[in-house]
1. Scan Ala28, Ala44, Ala33 and give me the residue that is surrounded by 14 or more Cβ atoms within 10 Å (Cβ to Cβ) and part of a helix (DSSP H, G or I).
2. Does Pro113 count as in a loop (DSSP other than H, G, I, E, B) and either within 30 Å of Tyr16 (Cα to Cα) or in contact with a His (Cβ under 9 Å, 6 or more places away or on another chain) (or both)?
3. Kindly indicate whether Tyr101 is in contact with a Ser or Thr (Cβ under 9 Å, 6 or more places away or on another chain) and not in a helix (DSSP H, G or I).
4. I'd like to verify a number: residues in region 74-106 that are closer than 19 Å to Arg190 by Cβ and surrounded by 15 or more Cβ atoms within 10 Å (Cβ to Cβ), how many?
5. With part of a loop (DSSP other than H, G, I, E, B), surrounded by 14 or more Cβ atoms within 10 Å (Cβ to Cβ) and in contact with a strand residue (DSSP E or B) (Cβ under 7 Å, 6 or more places away or on another chain) as the only criterion, which of Leu49, Leu69 stands out?
6. Which numbered condition in (1) within 30 Å of the chain's Cα centre (by Cα); (2) in a helix (DSSP H, G or I) is the only one that Tyr86 fails?
7. When only residues in region 161-186 that are part of a helix (DSSP H, G or I), open to solvent by less than 40 Å² (accessible area, probe 1.4 Å) and at pLDDT below 75 count, which is farthest from Trp240 (Cα to Cα)?
Amino acid sequence: MRYNGWGGVQQVRQRYELLGARQYAGLANAAAAATGQPTPYSAADLNSLNEVDRQDQVFRVVGIQRHHLSVDGASHSTRYYVAADYLHQAGVVDESSLSRYHLRVNLDQQLTPKLSVGLRTSASQTDEHYGGTAPDADRVLQDALLAAPIARANPAGSSFYRADPFYQLHFYARAPRTRRVLAQLSATYRFSDALSLSVRGSREQADARELGHSPDLNTASAPVPTVAETSTSTTNTHNWVADAALR
């Protein structure tokens, strides 16, 4: 029996250099003045700005771990190998994670001095979770980088979704799950040291399912979404392979 495993932590080592609260407010006032618009930040506002780091709100330090356990051996004319793997990774972007399970079994049997058979099977499951509506974090990071680095109350009558730079992250969720099974059966008959016949057949099945959750955008003026929408999408594929070879 063999076991190995490891664990660690992950974080974003290099971040963007963004404007501070006073720099952002000063630039916003200058842009408004240049276009003849009222300045959004008064002198009192400039002296009492509550600065926030948007990258701290979207990035995090997380753990990662992987474990592998295997057993192999031989008994009379049978050889076997069994292995199991587990991986869990929490994403450095908030609301993201990945877990993967994998099982593998190999069996080889010498039935007669000339005939041998083999079985190869594996099964895996991958579970993912992420916030937002896209399969990557580009929209979430874009909203974080472009948001004002200033904590302030939502203006009266403003859209809750637009006032919160992380509404994509916190109110939308996707949870894909993929299951895959592969089985292969083979047989080899040796007529002589120079001539053999091998026959092999395999089947692979993959099932993917994704659960989604999102608020009803018609309630955008409410402080908290009151109507939720859930969705499910599934994909199923399978492959058959058969071949024979005379060598």
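1. Working: Ala44 fails: surrounded by 14 or more Cβ atoms within 10 Å (Cβ to Cβ); Ala33 fails: surrounded by 14 or more Cβ atoms within 10 Å (Cβ to Cβ).
Among Ala28, Ala44, Ala33, only Ala28 is surrounded by 14 or more Cβ atoms within 10 Å (Cβ to Cβ) and part of a helix (DSSP H, G or I).
2. When the stated conditions are applied, Pro113 does not pass them.
3. Numbers: in contact with a Ser or Thr (Cβ under 9 Å, 6 or more places away or on another chain): yes; not in a helix (DSSP H, G or I): yes.
So Tyr101 fits the description; yes.
4. Going through region 74-106 one residue at a time, the tally reaches 1.
5. That would be Leu49, the only listed residue that is part of a loop (DSSP other than H, G, I, E, B), surrounded by 14 or more Cβ atoms within 10 Å (Cβ to Cβ) and in contact with a strand residue (DSSP E or B) (Cβ under 7 Å, 6 or more places away or on another chain).
6. Answer for Tyr86: the failing condition is (2).
7. Across region 161-186, the extreme among qualifying residues is Ala163.
The values are calculated or read from the model by the stated rules, or taken from the named source; none is laboratory data. Computed from a predicted structure; not experimentally measured. Heads up, the Cβs are rebuilt from the backbone with ideal geometry, glycines too, and the neighbour counts pull from every protein chain shown. The accessibility values were calculated without ligands, DNA or RNA, using every heavy atom of the protein model including side chains. Shrake-Rupley method; radii C 1.70, N 1.55, O 1.52, S 1.80 Å.
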